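Enquirer: Input: one structure, supplied below.
The values are calculated or read from the model by the stated rules, or taken from the named source; none is laboratory data. Every value quoted in this text rests on a predicted model; they were computed, and no experiment measured them. Positions of Cβ are backbone-derived with ideal geometry, glycine not excepted, and every protein chain shown enters the neighbour counts.
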Amino acid sequence: MNVAGHFLVATPVIASPPFARSVILMLEHDDSGAVGVILNAGTTIPVADHLPEIAHLVVEPETIFVGGPVASDTAILLGRSHTAAFLRPTALETIGILDVDGLPSDLAALRVFAGYAGWSPYQLEAEIDGGSWWVLPVERSLVFAADTSTLWDRVVASAPGTIPFHLTFPYDVSLN
């Protein structure tokens, strides 16, 4: 199953940062591997500290997000536009990776990520089969949500089947 254009949601099996209770927007997935960005790993670092020329275009919160543990010294600009020639398009028609020097005039949303989440060929499939991740449809209104602190809860609550029952799992099962 190609998961590009879906949410990859950490199950309670994943207990370690940065992936514990994470919601990842999957940008690419093919035979060479998979790439996504963690949508709910915000920081307190203002975008203006590192990219002042685009800080005014970033949606709230205007901070850098941890996209994942790979290439954490690289800025990834995820944007929404109807006319953009994305640097890297995604499976989501109006959402893609943008070049800081070529931002579209109709930019509707922009978020800056430090790094990304990446998987080698077939690694992600094995993790999904092992119960570490749920693959859920993207809820577009949540991709650039201002409040990401409850994003995992909101995505899980709206999931099909028995997945919402996992909302009752404690963050630290050893304390239960």
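Enquirer: Those residues that are in a strand (DSSP E or B) and under 9 Å from the mean Cα position of the chain (by Cα), I need them from the range 1-47; list them, please.
Expert: The answer is PHE7, LEU8, VAL23, ILE24, LEU25, MET26, LEU27, GLY36, VAL37, ILE38.
Enquirer: For residues that are part of a strand (DSSP E or B), more than 22 Å from ALA71 (Cβ to Cβ) and in contact with a strand residue (DSSP E or B) (Cβ under 6 Å, 6 or more places away or on another chain), tally how many sit in the range 129-143.
Expert: Total satisfying the criteria: 3.
Enquirer: May I ask you to verify whether ALA91 is crowded, with 20+ Cβ neighbours inside 10 Å and not in a strand (DSSP E or B)?
Expert: No, not satisfied.
Enquirer: Let me ask something else. Run down ALA55, ALA126 and say which single residue is without any contact (Cβ under 8 Å) to a residue 12 or more places away in the chain, closer than 21 Å to LEU8 by Cβ and more than 18 Å from the chain's Cα centre (by Cα).
Expert: ALA126
Enquirer: Being in a loop (DSSP other than H, G, I, E, B) and farther than 11 Å from PHE7 by Cβ is true for just one of ALA159, ALA114, ALA146, ALA126. Which residue is that? I'd like the intermediate steps shown before the answer.
Expert: Details: ALA159 fails: farther than 11 Å from PHE7 by Cβ; ALA114 fails: in a loop (DSSP other than H, G, I, E, B); ALA126 fails: in a loop (DSSP other than H, G, I, E, B).
Only one candidate passes the filter, namely ALA146.
Enquirer: When the residues of the range 97-113 are filtered to those that are under 17 Å from the mean Cα position of the chain (by Cα) and without any contact (Cβ under 8 Å) to a residue 60 or more places away in the chain, which remaining residue is surrounded by the fewest Cβ atoms within 10 Å (Cβ to Cβ)?
Expert: ALA109
Enquirer: Now for a separate question. May I ask you to list the residues in the range 48-65 that are outside any strand (DSSP E or B) and either touching a Phe, Trp or Tyr at 6+ places or on another chain (Cβ under 6 Å) or at pLDDT below 95 (or both)?
Expert: Passing the criteria: only VAL59.
Enquirer: Now, a different point. What number of residues within the range 71-94 satisfy the criterion of being out of contact with any Phe, Trp or Tyr (no Cβ under 7 Å at 6 or more places or on another chain) and touching a residue at least 40 places away in the same chain (Cβ under 8 Å)?
Expert: Within the range 71-94, residues that are out of contact with any Phe, Trp or Tyr (no Cβ under 7 Å at 6 or more places or on another chain) and touching a residue at least 40 places away in the same chain (Cβ under 8 Å) number 7.
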